[in-house]
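*Asks:* Quick one: the structure is below, and I'll ask about it shortly.
The values are calculated or read from the model by the stated rules, or taken from the named source; none is laboratory data. Keep in mind the model is a prediction, meaning the values are calculated, not measured. Using ideal geometry, Cβ is built from the backbone for each residue, glycine included, and neighbour counts are taken over all protein chains shown. Side chains included, ligands, DNA and RNA excluded: accessible areas come from the protein's heavy atoms. Shrake-Rupley method; radii C 1.70, N 1.55, O 1.52, S 1.80 Å.
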Amino acid sequence: MDKLAHPGLVRIAGIVIGLVFVFAGLGKIGDIAMFAAQVHNFRLTPVALENLVAMTLPWVELVAGTALILGARRRAAAWICAALMIVFTLSVGQAAARGLDFECGCFGKGDASRVGLQKLFENIGLTVVALVATLQRRR
Amino acid sequence: MKSDSLVADIALLVTLGVALGVGYNALGLRGADGWGLAWKGVPLIETLGDEVKAVEQDAAPRGPVSDDPLAPPPAATQAIPVIEDYGRPVEIGLQAVKQLYDAGAVLFIDAREDWEFAEGHIPGAINLPYEQAITDPARCEQVEQGGKPIVTYCGGGSCEISISVAWELLGVGKTRVAVYMGGFPEWEQAGFPVEKKTEDS
């Protein structure tokens, strides 16, 4: 664990996950209507809340990603990313398990990747990276 | 202490993100294309109820419904509800559904399971079970609309699968799709015709 908490590694993990979140956030903000429809596709949110999720989630991603890249409030931003990655992974997992097949909307418009096993593994990988970014060497 | 500031930082970042999102939306995204931009819930469907825009029989023919050669001429004062292309499903009520049925100007899609369909359905309806519709878009594409609007229905009550099927149909390029939320139970209870066990899909 101490090795994983090497400051350089943690920093790189933070920048990688930060970039992913910034791109994902911007992609969604670019076409909120489409993202709202995709939130609906997951069938996890009450219909009344789908829009609020669609309009705020990408911005939380963007803010957390930017903070991670800049290194400001780094651990908090990393925990947000990790928590979101876990939520995303579970969402994709449940959708795949239910046999739903749709574009995941993970990166907004133009991201034609579909919900499925590959997406699930991608997400698990990113979750691990995000968790590494949350680490802090014990002092 | 350390974790306190961590929690505070997390709250700060999340609040900032939410505020930016809400602010950005307030600045102008509302009213853009698509159905997902109103503040509070987007109702899945807009209700046309029995107040569906109606075309009086003697009005100039307008809209594909009145062009339908299969539709018998309606009674002098009877109006046929018109389901236009709204880009999203609309809800229609029992009375409007019955008028469309009487005029033969609609394609019914039954979103329930095949065994429920076999036990009774609106005559002429096609069975397109929800599970098949969402996992196999080809099933939706195969639906032959024949120039008529589509009305989906299911088991009534809080049953939402008819709405989901309606969205799926729109997703594969069908237009003028309405949802009859009362569903089969309401139809049957009203004493309207019921068909049993016709293989149709």
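*Asks:* Can you list the HN-Hα couplings for segment B:7-17, worked out from phi with the Karplus curve (6.51, -1.76, 1.60; θ = phi - 60°), rounded to whole Hz and with x for Gly and Pro?
*Replies:* 4, 4, 5, 4, 4, 4, 5, 5, 4, 4, x
*Asks:* Please get the size of the charge dipole for segment A:1-80, origin at its Cα centre, with Cβ charges of +1 on Lys and Arg and -1 on Asp and Glu, quoted in debye to the nearest 20. Before the final figure, lay out each step's value.
*Replies:* Numbers: 7 positive and 4 negative charges, 62 e Å.
I would put it at about 300 debye.
*Asks:* Around residue B:178, which amide H atoms from residues at least 5 apart in sequence, or from another chain, sit under 5 Å from its own amide H, with H modelled in the peptide plane?
*Replies:* B:90, B:150, B:151, B:152
*Asks:* Then there is this: Relative to the isolated chain, which residues of segment A:1-41 have their accessible area cut by 30 Å² or more in the presence of all protein chains (1.4 Å probe, heavy atoms, no ligands or nucleic acids)?
*Replies:* Residues meeting the cut-off: A:32, A:33, A:40.
*Asks:* Still on this model: Is chain A rounded, prolate or oblate when judged by the Cα gyration tensor, a ≥ b ≥ c being the square roots of its eigenvalues, rounded requiring a/c under 1.5 and prolate requiring a/b larger than b/c?
*Replies:* prolate
*Asks:* For the residue pair residue B:118 and residue B:85, what label-to-label distance in nm results when each label sits 7 Å from Cα along the Cα-to-beta-carbon direction?
*Replies:* With each label placed 7 Å out from Cα toward Cβ, I get 3.8 nm.
*Asks:* Using amide H atoms built in the peptide plane, which far-off residues or other-chain residues are under 5 Å from residue B:80 H to H?
*Replies:* B:55
*Asks:* Report ³J(HN,Hα) in whole Hz for each residue of segment B:101-108, in order, from the Karplus equation J = 6.51 cos²θ - 1.76 cosθ + 1.60 where θ = phi - 60°; Gly and Pro get x.
*Replies:* Using θ = phi - 60°, the values come out as 4, 4, 7, x, 9, 7, 10, 8 Hz.
*Asks:* Just counting partner chain Cβ atoms within 10 Å, what average do the residues of peptide A:59-72 show around their Cβ? Let's see the in-between values first.
*Replies:* On the way: counts 11, 9, 2, 4, 10, 5, 1, 2, 5, 1, 0, 0, 0, 2.
Rounded to a whole number, the mean comes out at 4.
*Asks:* Moving on. Note the buried accessible area between A and B here, summed over both chains, with a 1.4 Å probe, in Å² to the nearest 100. Numbers along the way, then the final one.
*Replies:* Numbers: alone 7740 and 11310 Å², together 16460 Å².
Buried area (both sides, nearest 100 Å²): 2600 Å².
*Asks:* Can you give me the Kirkwood hydrodynamic radius for segment B:105-155, using every pair of distinct Cα atoms, in Å to one decimal?
*Replies:* Details: mean 1/r = 0.0897 Å⁻¹.
Hydrodynamic radius (Kirkwood, Cα only) of segment B:105-155 equals 11.1 Å.
*Asks:* Per residue of segment A:26-38, in order, report the coupling 6.51 cos²θ - 1.76 cosθ + 1.60 (Karplus, θ = phi - 60°) as ³J(HN,Hα) in whole Hz, putting x for Gly and Pro.
*Replies:* Each residue's phi maps through the Karplus curve to give 4, x, 6, 4, x, 8, 4, 4, 5, 5, 4, 5, 6 Hz.
*Asks:* Ok, one more. For n ≥ 4 DSSP H runs only, could you compute -39500 (n - 2.57) per run for chain A, divide by its residues and tell me the 222 nm figure to the nearest 500?
*Replies:* Values: 5 runs with 101 residues, N = 139.
Counting only the DSSP helices, I get -25000 deg cm²/dmol.
*Asks:* Would you list A:53, B:90 from the most to the least accessible area, probe 1.4 Å?
*Replies:* On the way: A:53 50, B:90 0 Å².
Largest accessible area first, the list is A:53, B:90.
*Asks:* With 5 Å bins from zero, work out the P(r) of segment B:78-201 over every alpha carbon pair and list the percent per bin.
*Replies:* Computed distribution, short to long bins: 2, 12, 25, 27, 22, 10, 2, 0, 0.
*Asks:* Now a separate question. For the cross-link pairs A:3/A:28; A:28/B:148; B:98/B:174; A:119/B:148, which exceed 27 Å when the distance is taken from alpha carbon to alpha carbon?
*Replies:* Numbers: A:3/A:28 35 Å; A:28/B:148 35 Å; B:98/B:174 22 Å; A:119/B:148 39 Å.
Over 27 Å Cα-Cα: A:3/A:28; A:28/B:148; A:119/B:148.
*Asks:* Also, quick follow-up: Under a 5 Å amide H to amide H cut-off, with H placed in plane at 1.01 Å, what residues pair with residue B:120 once short-range neighbours are removed?
*Replies:* The list, which skips near neighbours in sequence, is B:197.
*Asks:* Then there's this: May I ask for the equivalent-ellipsoid semi-axes of segment B:134-187, computed as the square root of five times each C-alpha gyration tensor eigenvalue and listed largest first in whole Å? Intermediate results must be reported in sequence, preceding the final value.
*Replies:* Numbers: eigenvalues 78, 32, 14 Å².
They are 20, 13, 8 Å, listed from largest to smallest.
*Asks:* Could you check the spin-label model distance between residue B:197 and residue A:97? Points 7 Å from the Cα along Cα→Cβ, value in nm.
*Replies:* A separation of 3.8 nm, rounded to one decimal place.
*Asks:* Can you tell me the accessible area per residue over chain A, all protein chains present, probe 1.4 angstrom, in square angstrom? Please list the in-between numbers first.
*Replies:* Values: 6410 Å² over 139 residues.
Per residue, chain A has 46 Å² of solvent-accessible surface.
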